[in-house]
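For reference, the structure is listed below as structure tokens.
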Amino acid sequence: MNNSRQNYFIDIHTHSAGQSDNVIQIINLFPEQLIPQLAAQSFYSLGWHPWYLKKENNDAYLKIISKGGLKPQILAIGECGLDRLSEVSFEYQTEVFKQQVLIAERIQKPLLLHCVRSANEIIKLRKEIKPVMPWIIHGYNSNLVTGRELIRHGFYISIGVDLMKDFSNALKFLPEIPLDRLFFETGDVDIHVEKVYREAASKLDIDLLTLKQQIQSNFNRVFGKE
């Protein structure tokens, strides 16, 4: 697939594979979902979500991510991150998150981040670790102050269906996101990502084709598809 010569909609994070010739999806996989033979024409992310961490799975799951992440269809490590609402201890979340950061750096894949009430900690870790690979906050719908700090510290921002909700934080923050740091996603909602694109193009008052080309350029740059 020569992504640089065709115009696709990019769905940076989805939990369900769709059948559409004009969309590039990154399908989320948890460690237990990784199978030996992934679809050759599909793209995936692979990571251990902070809701589902269990110490008894620690070594096995990190090994799966480390080895599985080498597959060419795996474009990113994640979703992984920190979540203050998770029942898993924050200390253990941080430990596992750091391990996944190191995996991403070692195999040179971007990091797709789940971040709930923990932006300050993730920013602090980014400053400490000084990663080379891009970090993408998925499904952003937090406040403007937090968003501005994430942008200032070099994060990419992916926005999903919250963009289509009146008065959402995602909608308010959209105009402040540099276009070369922006992605879109559907997450666990069964819609075509084109709807998110169209809403964004309308709110930003830019042409849909121009927006598609910008997001595809971001995708090619971040995921090495140029």
note = Being at positive phi, of a type outside the set (A, V, I, L, M) and touching a Ser or Thr at 6+ places or on another chain (Cβ under 9 Å) narrows GLY78, GLY18 down to just GLY78
query = Looking only at region 35-51, which residues are surrounded by fewer than 18 Cβ atoms within 10 Å (Cβ to Cβ) and at pLDDT below 95?
reply = ILE35, PRO36, GLN37, ALA39, ALA40, GLN41, SER42
task = Tally the residues that are in contact with a helix residue (DSSP H, G or I) (Cβ under 8 Å, 6 or more places away or on another chain) and not aromatic (Phe, Trp, Tyr), restricting the search to region 123-143.
result = 13
ask   = Do you know which residues across region 150-171 are among the charged types (D, E, K, R), surrounded by fewer than 14 Cβ atoms within 10 Å (Cβ to Cβ) and farther than 20 Å from VAL222 by Cβ?
value = LYS165, ASP166
task = Select from region 172-188 the residues that are modelled with pLDDT of 95 or more and surrounded by fewer than 19 Cβ atoms within 10 Å (Cβ to Cβ) and write down the one among them that is farthest from GLN214 (Cα to Cα).
result = LYS172
task = Taking only region 108-122 into account, find how many residues are surrounded by fewer than 16 Cβ atoms within 10 Å (Cβ to Cβ) and in contact with a helix residue (DSSP H, G or I) (Cβ under 9 Å, 6 or more places away or on another chain).
result = 1
Boolean, PHE97 is modelled with pLDDT of 95 or more, of a type in the set (Phe, Trp, Tyr), under 22 Å from LEU53 (Cα atoms) and crowded, with 23+ Cβ neighbours inside 10 Å = yes
key: Selection count where residues are free of Cβ contacts under 8 Å to residues at least 40 places away in the same chain and more than 16 Å from the chain's Cα centre (by Cα), scope region 23-41   = 10
ask   = Looking at region 75-89, which of its residues are touching a helix residue (DSSP H, G or I) at 6+ places or on another chain (Cβ under 8 Å) and free of Cβ contacts under 8 Å to residues at least 40 places away in the same chain?
value = ILE77, CYS80, ASP83, ARG84, SER86
remark   = Among the residues of region 21-34, the number that are within 19 Å of PHE223 (Cβ to Cβ) and surrounded by fewer than 16 Cβ atoms within 10 Å (Cβ to Cβ) is 1
message = Just to be sure before I move on: is GLY147 touching a residue at least 40 places away in the same chain (Cβ under 8 Å) and within 30 Å of ILE65 (Cβ to Cβ) in the structure I sent?
response = no
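The values are calculated or read from the model by the stated rules, or taken from the named source; none is laboratory data. Predicted model, so just to flag it, every value in this text is computed and none were measured. Methodologically, a virtual Cβ is constructed for each residue, glycine included, from the backbone with ideal geometry; neighbour enumeration extends over all protein chains shown.
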